[in-house]
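Following: one structure in structure tokens, then a few remarks.
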Amino acid sequence: MNAPTENGTIAIIDGVRRIFCDGYWIKVYDPPANSLKTKKQLIQALTRRLFNHVEHGINIPGKRLNDARKAYEAEQDPARKRVKGAMLAGALFNRATDIFTKLVELQELGIEIETDNALMRECGFCLQEALSLGKLVLHRSGEEGIDELWGEPFRAFSIPVEAFYDSRVIKIAQTLRDIDLLAKTMAATLSATPLYEGILPAITRFADAAKIKCETLRTDPDIFDVWADFVVASEELTAFSPRLSHGISAAERQLATDGRSLLLQGRDLVTYITRARVPMPKSTREFIERCEAFAARAHQRGRPRLAGPMSC
């Protein structure tokens, strides 16, 4: 018997250099040089990355931290307080990354920054509070937050660049796992009923394109084909319509509508985690629960009669 492949194994597969992690062979890139300039650029990129995936309106400049805190502490309405707490988290995050950036600039001038430096402690306090308040911040979908993104600038500052990029491989593997899980759940839920007969190939193409997009950096020359393939696969999946006879019951029509809603929700969730390149466990769990409820209802309804596609 062949010995199991160990995590971290690197091999050339179909002409592409890949690294093995938790069951997946992931495209691997050479990390940039471990320089202070690289760290500064990485921290700035990670800051943009966070605000690109969270709800609108919380990208408050660090210089307005005191204003954001006063607004949060004075608010009494729970719903408004959550939003203002998210804005405070954004201001704290920006204050921390502002400090990181300036510390790197000082290091570039040859000034040694000790771990007990007052600015380092201030940065740590800001990030700790931002991480705590980050639980109030939602993904742009309005569902859950993505906790993984809040601590990345600190890790990028405190460990070598190569180690940071190595740690991203683990998150990509976890994301690929959840893409497969979501695709498997969608396929089992929808293709098991004649309402969605023939949908399996579209789900498979979409999941495959999503996994390739997830492992491909935006700077990769292949990104133009990779992104185009992903978008087209998403559009093809969206275009799929359930098939019902003309004499269907109201219950069957509702089942078809609910199935299409699941289809669109699954497409959106896969897209969210593909772009963020991190799992969204709460949203994934809740989507699977909705699929299970739909499957139970479909089983009770029996097999509806087939005909042409119904527009929903």
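The values are calculated or read from the model by the stated rules, or taken from the named source; none is laboratory data. Everything numeric here is computed off the predicted structure, so don't read it as measured data. Using ideal geometry, Cβ is built from the backbone for each residue, glycine included, and neighbour counts are taken over all protein chains shown.
If the condition is being under 18 Å from I43 (Cβ atoms) and within 17 Å of the chain's Cα centre (by Cα), then the range 166-175 contributes S167, R168, K171. Evaluation of I113 against the conditions (1) at pLDDT 85 or above; (2) farther than 20 Å from F51 by Cβ shows that the sole unmet condition is (1).
Answer with yes or no whether L181 is under 17 Å from the mean Cα position of the chain (by Cα), in the same structural domain as E215 (by TED's automatic domain parsing) and crowded, with 21+ Cβ neighbours inside 10 Å. So L181 does not fit the description; no.
Residues considered: K84, K102. Of these, the only one that is under 25 Å from the mean Cα position of the chain (by Cα) and more than 25 Å from T271 (Cβ to Cβ) is K84. Considered as a group, the residues in the range 70-108 that are closer than 16 Å to L131 by Cβ and free of Cβ contacts under 8 Å to residues at least 40 places away in the same chain include one that is surrounded by the most Cβ atoms within 10 Å (Cβ to Cβ), and that residue is A91.
Please indicate, with yes or no, whether at least one residue in the range 112-130 is small (G, A, S), closer than 25 Å to T284 by Cβ and surrounded by 18 or more Cβ atoms within 10 Å (Cβ to Cβ). Yes, because at least one residue in the range 112-130 is small (G, A, S), closer than 25 Å to T284 by Cβ and surrounded by 18 or more Cβ atoms within 10 Å (Cβ to Cβ). Residues that are farther than 20 Å from T175 by Cα, surrounded by fewer than 10 Cβ atoms within 10 Å (Cβ to Cβ) and modelled with pLDDT of 90 or more within the range 1-25 comprise I12, D14, G15, listed in sequence order. Test L103 against the stated conditions and say whether it is part of a helix (DSSP H, G or I), modelled with pLDDT of 85 or more and closer than 16 Å to F154 by Cβ. No, not satisfied. For the range 233-257, enumerate the residues that are surrounded by fewer than 19 Cβ atoms within 10 Å (Cβ to Cβ), in contact (Cβ under 8 Å) with a residue 12 or more places away in the chain and within 21 Å of the chain's Cα centre (by Cα). Passing the criteria: only T238. Among the conditions (1) modelled with pLDDT of 95 or more; (2) assigned to a loop (DSSP other than H, G, I, E, B), E236 misses just one, which is (2).
So, F93, is that one of a type in the set (F, W, Y), touching a helix residue (DSSP H, G or I) at 6+ places or on another chain (Cβ under 7 Å), modelled with pLDDT of 85 or more and assigned to a helix (DSSP H, G or I) or not? The answer is yes for F93.
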